[in-house]
1. Scan 193, 201, 225 and give me the residue that is within 30 Å of residue 375 (Cβ to Cβ), surrounded by fewer than 21 Cβ atoms within 10 Å (Cβ to Cβ) and without any contact (Cβ under 8 Å) to a residue 40 or more places away in the chain.
2. Wholly within the range 171-232, which helices (runs of 4 or more DSSP H) include no fewer than the required count, namely at least 1 residues that are at pLDDT below 95 and within 20 Å of the chain's Cα centre (by Cα)?
3. Restricting attention to the range 242-249, does a residue exist that is more than 21 Å from the chain's Cα centre (by Cα) and either modelled with pLDDT of 95 or more or not in a helix (DSSP H, G or I) (or both)?
4. For the range 444-456, state whether one or more residues are free of Cβ contacts under 8 Å to residues at least 24 places away in the same chain, within 24 Å of residue 73 (Cβ to Cβ) and assigned to a loop (DSSP other than H, G, I, E, B).
5. Which of the residues spanning the range 49-66 are more than 29 Å from the chain's Cα centre (by Cα) and outside any strand (DSSP E or B)?
6. Would you point out which residue out of 242, 204, 254 is touching a strand residue (DSSP E or B) at 6+ places or on another chain (Cβ under 8 Å) and on the phi > 0 side of the Ramachandran plot?
7. Could you list, in sequence order, the residues of the range 27-36 that are surrounded by 14 or more Cβ atoms within 10 Å (Cβ to Cβ) and over 14 Å from residue 11 (Cβ atoms)?
């Protein structure tokens, strides 16, 4: 639960206070003893943050380095917010003042880091999280209510994405995924149309149907739409998310340790897309946005698709199946083909697509490629703004050669070497518009907590995509 936030211009000496600075000299307005100042100076120099117990209150201070790039300063402020949350949670305080001794952008990031750190997923635990930060008081003359609302809404969206990723298949089937999207749409005001299996069959979405063949649960194809009357774009921005709610690998079965046991997160791309549309609707972003989410699990039932099969995709392309664990590109391809009906201004797809992307970037960035340089630069800047960073790789024609098949138009695998880009070349075949592909295999799920990113679903993509969409308006 996100705390209630209010704004004032005067510090209350009876409530715990936290702030950020770039120099110890900036906090002259705070009454500190000489020993407290010396203690703060030493701790800030050594560790970058410090808290002083002033019973029954405490004073927390984070120092932001100025000899780094602006986006790194912003991220340092978010991380300071995380450290603050650990302090306030340990203290048991339910009300806290947040102030700013340097600039308003850093205060916004400080607030965002604190809010993002309040997330927990304890739905299936007997012992629930009991601590709750109830009230935040921002002591600042510059931060606007609009900015506060935006941070709260993007935090809510990030939490929604994390929840979706953290839910197990025993709850989050493809059908239930649609139900969860509908709940978010009803709250935020975006519309949802869900194609059932009969409709998907009628449309001949061969990729989605093939991956679903081994499942006892039917697939869904979800169309989210946010179309405000004041939309500034004549052609829709289309976001496509890979919605494999669980991936065993199919008959090309994955090993369990450090692989299949994390595959409830294989719909992380879809979660990010859903959350981005949700954030755009909550913040009334004046853009026409469409989200496409093909959803299914990938299981090795007796009727599952097999290596050697040839399937026909939504656009008529035939694909020889070399590996049933290369399933994400099959359902994305159908969605990318379907996106053509919107004559889109731009399509961005997000997917936990290849283990190779994790090898390239680890948990620190997603790998991107595409054919729209101007939009790519905006998206990469959004990655820096949100610290959901992106590493671009080229889509050279040589990477398409391994996808040739002697018996079909394409095969779905290619070679092990260059697999992230080869998968991108497979997807490129189904596009004829401005397009960017985000492979977030290393960033959607973490085994251990990292600052404001919890263990489990990270919500990667929600803030990234929202920040990018917002840049198209400004």
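The values are calculated or read from the model by the stated rules, or taken from the named source; none is laboratory data. Because the structure is a prediction, the values reported are computed rather than measured. Cβ sites come from the backbone with ideal geometry, for glycine too, and all protein chains shown count toward neighbours.
1. Numbers: 201 fails: within 30 Å of residue 375 (Cβ to Cβ); 225 fails: without any contact (Cβ under 8 Å) to a residue 40 or more places away in the chain.
Step by step, each of 193, 201, 225 is checked, and only 193 is within 30 Å of residue 375 (Cβ to Cβ), surrounded by fewer than 21 Cβ atoms within 10 Å (Cβ to Cβ) and without any contact (Cβ under 8 Å) to a residue 40 or more places away in the chain.
2. Correct list: empty, since no element meets the threshold.
3. Yes, that holds for at least one residue.
4. yes
5. 55, 56, listed by residue number.
6. Checking each option against the conditions leaves just 204.
7. We begin by selecting, within the range 27-36, every residue surrounded by 14 or more Cβ atoms within 10 Å (Cβ to Cβ); these are 27, 30, 32, 36.
Hit for the range 27-36 is 36, nothing else.
Every residue, every condition in (1) over 28 Å from residue 453 (Cβ atoms); (2) surrounded by fewer than 20 Cβ atoms within 10 Å (Cβ to Cβ); (3) in contact with a strand residue (DSSP E or B) (Cβ under 6 Å, 6 or more places away or on another chain), yes or no:
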site	(1), (2), (3)
321	yes, no, no
329	no, no, no
343	yes, yes, no
355	no, yes, no
383	no, no, yes
394	yes, yes, no
